[in-house]
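Novice: Please find one structure pasted underneath; my questions will follow.
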Amino acid sequence: MNDKKFIILAVAATIILLAGGIFFLSKTTNTPQIAASQNAKAFVADPTSFDLGQVSMDKGKVTKVFTIKNTGTDTLKLYNVRTSCHCTTAFVTINENNSPSFGMDSLSAWVGEVQKGREAKINVVFDPAYHGPSGMGAVSRFVSVETNDPAHSKLTFTLTGAVIK
């Protein structure tokens, strides 16, 4: 009789843990669903790629800043910021306020709002030492940002270079 109670309790506890895990994951990994706006315009004046040249593993992280300007009449929304590798992170600066740091596996409910005529800075940080000696050589890393501008719903910024000792 005690074995049956134990099995029933174990099954019930497992079901509760699975349901709780599913609930927790559904709340923490939801990314925003933003409606497109015909009047939000993401404008990138500078090139969306940058060659870092030779980057020494020993000299620390390298940062490149890209700018997105809202040339529309509606608020430009930025969200789902992701990088292509764990060695690269990114954060967004709007009106001198920084977003959380985003990486390759980051899922976030963060949405940045850029008012008409204003700019957002995409700060991309590359760590040349992240992969150790096996990471030496040519690199190409990407950061993607989704927007509510239907003409530019996903922007991609690229860093290239060569990691040296």
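Novice: Just one of (1) under 17 Å from Gln33 (Cα atoms); (2) touching a Leu at 6+ places or on another chain (Cβ under 8 Å); (3) surrounded by 19 or more Cβ atoms within 10 Å (Cβ to Cβ) trips up Val111, so point out which.
Specialist: Status for Val111: all satisfied but (3).
Novice: Residue by residue through region 37-63, note down the ones that are closer than 17 Å to Ala129 by Cβ, in contact with a strand residue (DSSP E or B) (Cβ under 8 Å, 6 or more places away or on another chain) and not hydrophobic (A, V, I, L, M, F, W, C).
Specialist: The answer is Gly53, Gln54, Ser56, Lys61, Thr63.
Novice: Further question: In region 77-135, which residues are in contact with a Lys or Arg (Cβ under 7 Å, 6 or more places away or on another chain) and aromatic (Phe, Trp, Tyr)?
Specialist: Those that are in contact with a Lys or Arg (Cβ under 7 Å, 6 or more places away or on another chain) and aromatic (Phe, Trp, Tyr): Phe102, Phe126.
Novice: Hey, Ser108 hits all of (1) in a loop (DSSP other than H, G, I, E, B); (2) farther than 17 Å from Val81 by Cα but one; which does it fall short on?
Specialist: Of everything listed in (1) in a loop (DSSP other than H, G, I, E, B); (2) farther than 17 Å from Val81 by Cα, Ser108 misses just condition (2).
Novice: I'd like to check something: does region 47-67 contain any residue that is more than 20 Å from Thr158 (Cα to Cα), surrounded by 14 or more Cβ atoms within 10 Å (Cβ to Cβ) and in contact with an Asp or Glu (Cβ under 7 Å, 6 or more places away or on another chain)?
Specialist: Looking for residues that are more than 20 Å from Thr158 (Cα to Cα), surrounded by 14 or more Cβ atoms within 10 Å (Cβ to Cβ) and in contact with an Asp or Glu (Cβ under 7 Å, 6 or more places away or on another chain), one finds none in region 47-67, hence no.
Novice: Taking the conditions exactly as written (surrounded by fewer than 16 Cβ atoms within 10 Å (Cβ to Cβ) and at pLDDT below 95), does Ala138 satisfy them or not?
Specialist: In short, no.
Novice: Scan region 80-90 and tell me whether some residue there is surrounded by 14 or more Cβ atoms within 10 Å (Cβ to Cβ), without any contact (Cβ under 8 Å) to a residue 40 or more places away in the chain and either more than 14 Å from Val44 (Cβ to Cβ) or among the aromatic types (Phe, Trp, Tyr) (or both).
Specialist: yes
Novice: Can you tell me which residues in region 86-98 are outside any loop (DSSP other than H, G, I, E, B) and in contact with a strand residue (DSSP E or B) (Cβ under 8 Å, 6 or more places away or on another chain)?
Specialist: Passing the criteria: Thr88, Thr89, Ala90, Phe91, Val92, Thr93, Ile94, Asn98.
Novice: Now for a separate question. Would you be able to tell me the number of residues in region 143-154 that are under 12 Å from the mean Cα position of the chain (by Cα) and either crowded, with 19+ Cβ neighbours inside 10 Å or not assigned by TED's automatic domain parsing to the domain that holds Thr48 (or both)?
Specialist: 3
The values are calculated or read from the model by the stated rules, or taken from the named source; none is laboratory data. Keep in mind that this is a model prediction, so the values were computed, not measured. Neighbour counts run over all protein chains shown; Cβ positions are idealised from the backbone, glycine included.
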